[in-house]
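A short reminder: the numbers here are calculations on the coordinates, not readings from a lab. These numbers come from a predicted model, not from an experiment. Here the Cβ is made from the backbone with ideal geometry for all residues, glycine too, and neighbour counts use every protein chain on show.
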Amino acid sequence: SPRPAVGVSNGGEGGRDTPCPGGNASNFYVGVNDGAVTVTNNERPQFRISALDFGFLAPLPGLSDGVWGQLQLTGYLAAGGTITTALDFAGQNASGEFMFKNWTLDAAFAGSFLNSLNISACLYDGTGACVNSIDAPAFNQAQFAIDNLVVNVPEPAAPALLMLGALGMALTARRRAK
């Protein structure tokens, strides 16, 4: 089961043992030690997410360049069920810092109304599998940073107005047919 992740970091202020990803000067959320975060909206329970920025939070300084793992998104659909997607972390810049990367989600994910969204990370294990679970642990090294989530929350009256408009069109068509 996902463990809680930890708070907010100021861009560029990584600790001695956990360098923050580069390419973002603002505050951002960091998930450490195989953690995860769940995003919900209590005021309007349905929302969509279309993009975000994310980066690999290296567990140790001095790691070689490469793709170390993925950010994983699991959306809990308002209509029931789940939708999942994942994308590889960006590599390093010339200075050796892992970088933030922008992710515009595909149309299927971006168009789905969610009740909640779980964000976590996994690491490649050398065999091509991406691991972070009780059965296949990442040993507290699947760490990530996220920022700039682009979230769309529909106005509460929008579905009612759409239904009212469809009803008006149906009545107009019926009158014309008579």
Problem set entry | Distance between modelled label sites at D65 and A79, nm, 7 Å Cα→Cβ extension | 4.4
For this session: Report, in cubic angstrom per residue, the convex hull volume of the C-alpha atoms of region 39-115.
Result: 103
Problem set entry | Calculated from backbone phi, Karplus (6.51, -1.76, 1.60) coupling profile of region 24-41 in Hz, x at Gly/Pro | 8, 9, 9, 5, 8, 7, 10, x, 10, 6, 6, x, 8, 9, 10, 9, 9, 10
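Could you calculate the contour length gain from N27 to N41, that is, 0.36 nm times the residue separation minus the distance between their Cα atoms, to one decimal place in nm?
Details: separation 14, 0.36 × 14 = 5.04 nm, distance 2.08 nm.
Between N27 and N41, full extension yields an extra 3.0 nm.
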For this session: Principal axes first, then extents: for the Cα atoms of region 16-165, list largest minus smallest coordinate on each axis, whole Å, largest first.
Result: 60, 36, 24
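Provide the net charge surrounding G66, with neighbours chosen by a C-beta distance below 15 Å and charges set as Lys +1, Arg +1, Asp -1, Glu -1. Working shown, then result.
Details: positive: K101; negative: D65, D88, E97, D125.
Charge balance in the 15 Å sphere: -3.
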For this session: Using per-residue counts of other Cβ atoms within 10 Å, averaged over each peptide, order 128-136, 67-75 from highest down.
Result: 67-75, 128-136
For this session: In nm, give the distance between the simple-model label positions of S50 and A86, each being 7 Å from the Cα along the Cα-to-Cβ direction.
Result: 2.7
